[in-house]
Amino acid sequence: MDFSAILPALPGLWDGMLLTLQLMVMGVLGGVILGTALAMLRLSHNKWLANAAATYVNYFRSIPLLLVITWFYFAVPFILRWITGEDTPIGAFSSCLVAFIMFEAAYFCEIVRAGIQAIAKGQMGAAQALGMNYPQSMRLIILPQAFRKMTPLLLQQSIILFQDTSLVYTVGLMDFLNASRSRGDIIGQSHEFLIFAGLVYFTVSFAASLLVKHLQRRLAV
Amino acid sequence: MISIDNVNKWYADFQVLTNCSTEVKKGEVVVVCGPSGSGKSTLIKCVNALEPFQQGDIVVDGTSVADSKTNLPKLRSRVGMVFQHFELFPHLSITENLTIAQIKVLGRSKAEATEKGLKLLERVGLQDHAHKHPGQLSGGQQQRVAIARALAMDPVVMLFDEPTSALDPEMVNEVLDVMVQLANEGMTMMCVTHEMGFARKVADRVIFMDAGQIVEDCPKEEFFGDVSARSERAQQFLAKILQH
């Protein structure tokens, strides 16, 4: 084992890490926004909307992420060509990001829904008794409390996404894992580079989950 | 001010309110009492449409609750409500609790809303707690803030849904004092409560409910004066709560 080749490769690996983080942060943000919208639909009194959202969630929770990534990589350009009538290359990054957002939204939806349902029904009554309409009650009273309650779960899900971003190697994106692997392969030291990558993933994820636990204790008060 | 006309309400097949009719005039204080499960909380929540009902109508200050064209949020903004479990907004400071609906619903400026809120906070004797969060206050203090929050909307009528039932005994009086003061100032009030001392002191009328029906609806003097003239069910109830 010779780890000396890792040091000069660090700038390249850092580029990979940046892509990983970019995918994760944008995926989480988009996923939370879409997931919250889905949660609203699932809780809506309109049966059609609620069922449509439930179908979406159940569908995406029943298929592998890898399939979604591959599917979007091939399908999105095809659909765009069908709509616009011309070739619109959107690139692997965009298609992966869309896949992550759509996929994670299904999980975030369930977290947000549980968070909303955990807020006592009386809070909605109090908001409405003061003359707030439903959107105001949600936005000003229920959601702020719900998000506070579910922050640890949202972060936990983000850590999982941090690891799952490594699946983008299938469509040729140079994320952290792919960057490590390819660099190791080139100089015939793939073992060392993969061990190093594993350490980095472990350290980041473990530290983050410790932070979440700490946060959980603080928010519980 | 409030006129309740033949209201019927069902939860699926179970009828919770049966032919409820009564009236609360301007400036009147009406106490609603009865055993738990008798429908009194449900009835008072029908007044501001927090609970829907299937038959009958309730008219609040000229506005029909049952009319599908009625803007319910607007109606509710003119009806103050105080809940058993206070329902202050725990993520907001006391000041924000007092001002948020004034600003977002009535469109008052932040300065105007804050001035009004703090004035009412002083009135319930909690001006020193403005910057705190609800979790830092005792139950009695939270309920006084909740009353101030409702008053900040300049309601034409106040509804109280068992405002002292969730309080430690020693905190009941501080809340009742605020309510008595309010009643003496001429506020129109409908109160679901078991505090018969409060009813004796300020109520104009007492309504007794049982099994979803209004069994008694009479002036306070009559209700407490001659217990033997009351319905059997009301006598049983009074015997249980008045002997202490």
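Positive end of the charge dipole of the stretch A:3-219 (Lys, Arg +1 and Asp, Glu -1 on Cβ, about the Cα centre): tell me which of A:LEU199, A:MET124, A:PHE60 has its Cα farthest that way. With unit charges placed on the Cβ atoms, the residue in question is A:MET124. On chain B, 47 percent of the accessible area sits on carbon and sulfur atoms, based on a 1.4 Å probe. All C-alpha pair distances within the protein assembly as shown, sorted into 10 Å bins from zero, spread as 4, 16, 21, 18, 14, 11, 8, 5, 2, 0, 0 percent across the bins.
Using helices alone, I'd like the mean residue ellipticity at 222 nm for the protein assembly as shown: each DSSP H run of four-plus residues gives -39500 (n - 2.57), total over residue count, nearest 500. Roughly -19000 deg cm²/dmol at 222 nm, from the helical runs in the protein assembly as shown. Each Lys and Arg contributes +1 and each Asp and Glu -1, all at the Cβ; summed about the Cα centre of the stretch B:57-142, the dipole is approximately 200 debye. Calculated accessible area for the stretch B:105-154 comes out at 46 Å² per residue, all protein chains present (probe 1.4 Å; ligands, DNA, RNA ignored). Give me D for the stretch B:9-65 in µm² s⁻¹, whole number, from Stokes-Einstein with Rh from the Kirkwood sum over alpha-carbon pairs, 4 °C and 1.567 mPa s. Taking Rh from Cα pairs, D becomes 105 µm²/s.
The mean sequence distance of close C-alpha pairs (under 8 Å, at least 6 residues apart), as a share of the length of the stretch A:43-140, puts its relative contact order at 27 percent.
Comparing the full protein assembly with the isolated chain (1.4 Å probe, heavy atoms, ligands and nucleic acids excluded), the residues of the stretch B:85-126 losing at least 50 square angstrom of accessible area are B:GLU87, B:PHE89, B:HIS91, B:LYS104.
A:SER166 sits with roughly 20 Å² accessible to a 1.4 Å probe, with DNA, RNA and ligands left out of the calculation. To the nearest Å, what is the center-to-center distance of the stretch A:144-172 and the stretch A:56-96, using C-alpha atoms only? After rounding, the separation between the Cα centres reads 20 Å. Remark: accessible area buried at the B-A interface is about 1500 Å², both chains counted, probe radius 1.4 Å. Note on exposure: A:TYR201, A:TYR169 ranked by accessible area (1.4 Å probe, complete protein assembly) read A:TYR169, A:TYR201, with the most exposed listed first. Ranking A:CYS96, A:PRO135, A:GLN156 by how far each Cα lies toward the positive end of the dipole of the stretch A:75-170 (charges on Cβ) leaves A:PRO135 at the top.
In the stretch B:58-156, the ratio of gyration radius to Kirkwood radius, Rg to Rh, stands at 1.01 when only Cα atoms are counted.
The residues of the stretch B:41-69 occluded by other protein chains by 20 Å² or more of accessible area, set against the chain on its own, are B:LEU50; surface from heavy atoms, 1.4 Å probe. Other residues with beta-carbon under 13 Å from the beta-carbon of B:SER231 carry, at +1 per Lys or Arg and -1 per Asp or Glu, a net charge of -4.
What the Cα atoms of the stretch A:110-177 give is an Rg and a Dmax of 17.9, 55 Å.
Pairs of Cα atoms nearer than 8 Å and 6+ residues apart set the relative contact order; for chain B it is 27 percent. Peptides A:26-33, B:147-154, ordered by how many other C-beta atoms sit within 10 Å of their residues on average, highest first, read B:147-154, A:26-33.
Based on a Kirkwood Rh over C-alpha pairs, give the Stokes-Einstein translational diffusion coefficient of chain B at 10 °C and viscosity 1.306 mPa s in µm²/s. Translational diffusion coefficient: 86 µm²/s. In percent, how large is the relative contact order of chain A, given Cα pairs closer than 8 Å and 6 or more residues apart? Once normalised by length, the contact order is 29 percent. As a fraction of the 1.4 Å probe accessible area of the stretch A:3-219, surface on carbon and sulfur atoms comes out at 69 percent. The long axis of helix B:110-123 is offset from the longest Cα principal axis of chain B by roughly 60 degrees.
Couplings 3J(HN,Hα) for the stretch A:7-13, derived from phi with the Karplus relation 6.51 cos²θ - 1.76 cosθ + 1.60 (θ = phi - 60°), are 4, x, 8, 3, x, x, 5 Hz, where x marks Gly and Pro. Roughly what % of Cα-Cα distances in the stretch A:3-219 sit above 32 Å, to the whole percent? It works out to 31 percent of all Cα pairs.
This model, with +1 at the C-beta of Lys and Arg and -1 at the C-beta of Asp and Glu, gives the protein assembly as shown a dipole about its Cα centre of some 380 debye. Entry comment: accessible area of chain A is 53 Å² per residue, from protein heavy atoms only and a probe of 1.4 Å. Of the GluC sites (Glu not before Pro) found in the stretch B:114-220, the ones in coil according to DSSP and having at most 14 other Cβ atoms within 10 Å of their Cβ are B:GLU185. Got a sec? Charge dipole of the protein assembly as shown, +1 on Cβ for Lys and Arg, -1 for Asp and Glu; which of B:MET158, B:GLN127, A:VAL25 is way out at the positive end? The one lying farthest along the dipole's positive direction is A:VAL25. Placing +1 on the Cβ of every Lys and Arg and -1 on the Cβ of every Asp and Glu, with no other charges, gives chain A a dipole of roughly 1220 debye about its Cα centre.
The values are calculated or read from the model by the stated rules, or taken from the named source; none is laboratory data. No experiment lies behind these values; they were computed from the predicted model shown. Cβ: placed from backbone, ideal geometry, glycine included. Neighbour counts: every protein chain shown. Calculation scope for accessible area: heavy atoms of the full protein, side chains included, ligands and nucleic acids excluded. Shrake-Rupley method; radii C 1.70, N 1.55, O 1.52, S 1.80 Å.
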